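Laboratory data are not the source of any read-out in this text; all were calculated from the coordinates shown. Because the structure is predicted, anything quoted here is derived from the model rather than measured. In this analysis, Cβ positions are derived from the backbone assuming ideal geometry, glycine residues included, and neighbour counts consider all displayed protein chains.
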Amino acid sequence: MKTPAPDWKQKIVEPPVALSGIKPGMRIFLGTGVSEPRTLVKHLLSSQMANLSDLELIQIISLGDVITLSTSQNKRKFRLKTFFSGWLASEAITAGIVDMIPCPFSSIPMLVASGAINIDAAFIQISPPDDAGFSSLGVSVDIAKQAMAKASLTIGEINEAVPRTMGDTFVHVNDFQYLIRAEEPLIYFNRWPVDDIADKMAANIASMVEDGSCLSFFLGPLYEALGKYLMHKNNLGIHTYTFTDVLMDLIKCGAVTNKKKKSFPGKSLTAYAQGTPELMQWLHNNPRIEFQGIDLIADHLKTGLIDKLVAILPARKIDLTGNIALHVGKRNITAGPGQIQELFTGAERSRGGKAIFALPSRNLKNESNILLSVDNFPNQFTTRESLDFIVTEYGIASFFGKSVRERAQALIDIAHPDDRANLVLAAKNARIIYADQIYLQDSGHFYPEKIAKTHQYSDGVKVFFRAIKPSDEEAMRRLFYRFSDDTVFYRYFSPIKTMPHSKMQEYVNVDYRRDMSIVGIVEEAGREEIIAEGRYSRRQENSRADTAFVVDEKFTGRGIASILLEMLIGHAREKGITGFSADILSDNKPMLKVYQKLPFAIKSKLKYGVYNLTIDFSEEEPSPVNFV
């Protein structure tokens, strides 16, 4: 075990003294992100010392002063190499002032250890040493230890505001040739403002996060909004690049316990933290947060072993075939292509894992973010064969097991309503969807988002109910072909044998102003299946509506039809409909019982083996009705 220096304060020097050990041409590693040693950087860049020239600065993520001071005037003094092209670095990279090293984050430690990226000196921000001479790396672990091991000169910048974090964060004062005291504050990030679009996207994402899931996400309005929707979840876990104020909230409220994690149980795992002064104070000596190097955090072979890993990934654009363009520039905070690729692959390998790409339907210029092609955009992510879910404020598009045509239809359904007609036309012209595909103008504006609920049964079966969408065509066709002859006859009153595209697309394109159809959905083997449907069709006089229901035989006896009927009645009454009618074959006893349980007056007539039922919503006293 290392022993402390007799008095570590003897190592404290003024910055110019520490920098005197630098030689021209050296490669200097700088602490990452909010742990940038700002005092050393400012003295390095402002000094006129002759030895501080032709230097190469290496920093994984640059969020602070080194980017701001990377100007053409300083190009003879130093050149920065970074592994992240977002935030402030983007403009400097585009201008040719900063070099970008495209690389998966998990590979960076190997590049340093092998000497492929050589390190001569390391400038590291640390917490004040304890009585034994140990300091913490604080909120940025990444490859600091590997860099220090390779460097011939190490300088520690002691910052009183750096929290003493737990995990693989401790270094000894004997590992440094020099120590200086920080003159600059930490880099803080305010909490992000949340608009209505981010809020709706967050609600859609949260609906897919199951209890016991392990979360990985980034910074920004979407992730800020997610907090309130995840607070009622149970036993969530955290394995993420960057720890934020939102994750602090989820631990405080008890939603995150990390009890279900097989590795590092009870610990939230991260390599970085960014956020407010409150977050930094909360992280100090907090044993529930485990900081580890990026080789452990990012390696998809390791993250793939985590059960139910949910990677929530930001996207800039997506095209109708599933190709994605990622963010670039200042709007990109901490999600580079390498990070997204590794998280995506880890979630893909994870048992029960999900990779969710999220983007608003439109950009700030009110242009659609869902396009026919993203070929002209940089930072493309083209593993469309493996995509799981795409989310906008208008809903969720599931890609699992779907054809390009089905994917395009699903994406059009979650595009901005004003953009859907043009997307349908473009997709027809590109022969991505059927040439005769129906699109009801303005239907998107009337889609009843509020009609959505989930019912979980005691045996674990979970059924999600929502209004039908045009992209449900294939799923409804599959439901039809699973029916027995009896079920088909009960529903359609004739022995229908086929349900072609021409007929089914008319069925799933609903004018929500007049009619309503609600489907029940379960997830089987990672794929969504429609297992039930109920609808009403308003009559011409606009005061009453006809109803019809069908339930997959495997799911009968669970009261699914009753739930559908209850939801339809609630929506119908809001629309001014005064009652329902239904024609039911006399031997369809289960469906007759569904209506018989209603708390309304029911009139029935039996003719030619068919009961004609009339339900009046204004009479909420059930009248006795017997179906012989």
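Go ahead and run the numbers for FRET between GLU506 and ASN234, Cβ-Cβ distance against an R0 of 41 Å, rounding to 0.05. Write out the running numbers ahead of the final one.
Details: r = 43 Å, r/R0 = 1.05.
The pair GLU506/ASN234 has a calculated efficiency of 0.45.
With n ≥ 4 as the cut-off for DSSP H runs, can you work out [θ] at 222 nm for the chain, using -39500 (n - 2.57) per run divided by the number of residues, rounded to the nearest 500? Mind dumping the intermediate values first?
Values: 20 runs with 168 residues, N = 628.
Taken over the chain, the calculation gives -7500 deg cm²/dmol.
Sequence-distant or interchain residues sharing an amide H contact under 5 Å with ASP130, placed H: which?
Long-range HN contacts for ASP130: SER135.
Could you tell me the distance between the Cα centroids of segment 142-215 and segment 360-386, to the nearest Å?
If you average the Cα positions of each part, the centres end up 30 Å apart.
Whole percent per 10 Å bin, from 0 to the bin with the longest distance: what is P(r) over all C-alpha pairs of the chain?
3, 15, 22, 20, 15, 10, 7, 5, 2, 1, 0
Place +1 on the Cβ of every Lys and Arg and -1 on the Cβ of every Asp and Glu in the chain, take the dipole about the Cα centre, and give the residue among ILE187, ILE143, LEU565 whose Cα lies farthest towards its positive end.
The listed residue farthest towards the positive side: LEU565.
Which order do MET49, MET148, MET110 fall in if you start with the one that has the fewest other Cβ atoms within 10 Å?
Details: MET49 12, MET148 19, MET110 15.
Listing MET49, MET148, MET110 from fewest to most nearby Cβ atoms yields MET49, MET110, MET148.
Lysines near LYS450 by alpha-carbon distance under 16 Å, same-chain residues fewer than 8 away left out - which ones?
LYS200, LYS469, LYS575
In Å, what Rg and Dmax follow from the Cα atoms of segment 386-536?
In Å, with Rg to one decimal and Dmax whole: 15.5, 48.
Order these by the 10 Å Cβ neighbour count, fewest first: LYS605, LYS428. Before the final figure, lay out the partial values.
Numbers: LYS605 10, LYS428 15.
Arranged by neighbour count, lowest to highest, LYS605, LYS428 become LYS605, LYS428.
Separation between the ASP211 and ASP99 pseudo-spin-labels, each 7 Å from Cα along Cα→Cβ, expressed in nm?
That separation, rounded to one decimal, is 5.3 nm.
Order of 361-367, 591-597 by packing, highest average Cβ count within 10 Å first?
Numbers: 361-367: 12.3, 591-597: 18.0.
Final packing ranking: 591-597, 361-367.
What ranking, highest mean first, results for peptides 438-444, 153-159 when packing means the other Cβ atoms within 10 Å averaged over each residue? Could the numbers behind the result be given before it?
Details: 438-444: 16.1, 153-159: 24.1.
The packing order, highest mean first, is 153-159, 438-444.
Given 0.36 nm per residue, what is the gain on full extension from TYR434 to LYS259 after removing their alpha carbon distance, in nm? Intermediate values should be presented prior to the final figure.
Details: separation 175, 0.36 × 175 = 63.00 nm, distance 4.84 nm.
Result for the pair: 58.2 nm of gain on full extension.
What fraction of the DSSP beta bridges in the chain is antiparallel, stated in percent and rounded to the nearest 5?
Details: 52 of 106 bridges.
For the chain, the DSSP antiparallel bridge percentage is about 50.
Only four residue types carry charge here, +1 at the Cβ of Lys and Arg and -1 at the Cβ of Asp and Glu. Report the dipole size of segment 452-616 about the Cα centre in Debye, rounded to the nearest 20. If you can, show how the numbers build up before the last one.
Details: 27 positive and 23 negative charges, 95 e Å.
In debye, rounded to 20, segment 452-616 gives about 460.
Can you put ARG477, ARG38 in order of Cβ neighbours within 10 angstrom, beginning with the fewest? Write down the numbers at each step before the final one.
Working: ARG477 20, ARG38 23.
Taking fewest neighbouring Cβ atoms as first place, the list is ARG477, ARG38.
Mean separation of Cα pairs under 8 Å and 6+ residues apart, divided by the residue count of segment 196-437: what relative contact order is that in percent? Don't skip to the answer; put the middle values down first.
Values: 496 pairs, mean separation 43.1, N = 242.
The normalised contact order for segment 196-437 reaches 18 percent.
Of all the Cα-Cα pairs you can form in segment 452-616, what percent are over 24 Å apart? Can you show the working numbers first?
Working: 4561 of 13530 pairs.
The share of Cα pairs beyond 24 Å in segment 452-616 comes to 34 percent.
Mind checking which of THR392, VAL374, SER361 is farthest towards the positive end of segment 350-406's charge dipole, using Cβ charges of +1 (Lys, Arg) and -1 (Asp, Glu) about the Cα centre?
Checking the options against the dipole of segment 350-406, the answer is THR392.
Let me spell out the model: positive unit charges on the Cβ of Lys and Arg, negative unit charges on the Cβ of Asp and Glu, origin at the Cα centre of the chain. What dipole size does that give, in debye rounded to 20? Could you put the intermediate results ahead of the total?
Values: 73 positive and 72 negative charges, 114 e Å.
Charge dipole, the chain, about its Cα centre: 540 debye, nearest 20.
Would you mind computing, in nm to one decimal, how far apart the modelled labels at THR276 and TYR188 are, each placed 7 Å from Cα along Cα→Cβ?
Calculated label separation equals 0.9 nm.
In debye to the nearest 20, how big a dipole does segment 351-480 give about its Cα centre with +1 on each Lys and Arg Cβ and -1 on each Asp and Glu Cβ? The partial results should precede the final answer.
Details: 18 positive and 16 negative charges, 64 e Å.
The dipole magnitude comes to about 300 debye.
If I model a spin label at SER562 and GLN177 as a point 7 Å from the Cα along the Cα→Cβ vector, what separation in nanometres do I get?
7.9
Kindly provide log₁₀ I(q)/I(0) values, in the same order as q = 0.12 Å⁻¹, from the Debye equation applied to equal alpha-carbon scatterers of segment 184-291.
-0.38
Averaging sequence separations of C-alpha pairs under 8 Å and six or more residues apart, then dividing by the length of segment 452-616, give the relative contact order as a whole percent. Could the numbers behind the result be given before it?
Numbers: 248 pairs, mean separation 27.7, N = 165.
Relative contact order here is 17 percent.
Rounded to the nearest Å, what's the spacing between the alpha carbon centres of segment 260-318 and segment 19-39? Just the number, please.
So the two Cα centres are separated by 26 Å.
Suppose the chain between SER373 and THR454 were pulled fully straight at 0.36 nm per residue; how much longer would it get relative to their current alpha carbon spacing?
Details: separation 81, 0.36 × 81 = 29.16 nm, distance 3.47 nm.
Here the segment from SER373 to THR454 would lengthen by 25.7 nm.
If you stretched the chain out fully between SER484 and GLU619, how much longer would it get, using 0.36 nm times the residue separation minus the C-alpha to C-alpha distance? Mind showing how you got there, number by number?
Numbers: separation 135, 0.36 × 135 = 48.60 nm, distance 3.64 nm.
Answer, rounded to one decimal: 45.0 nm.
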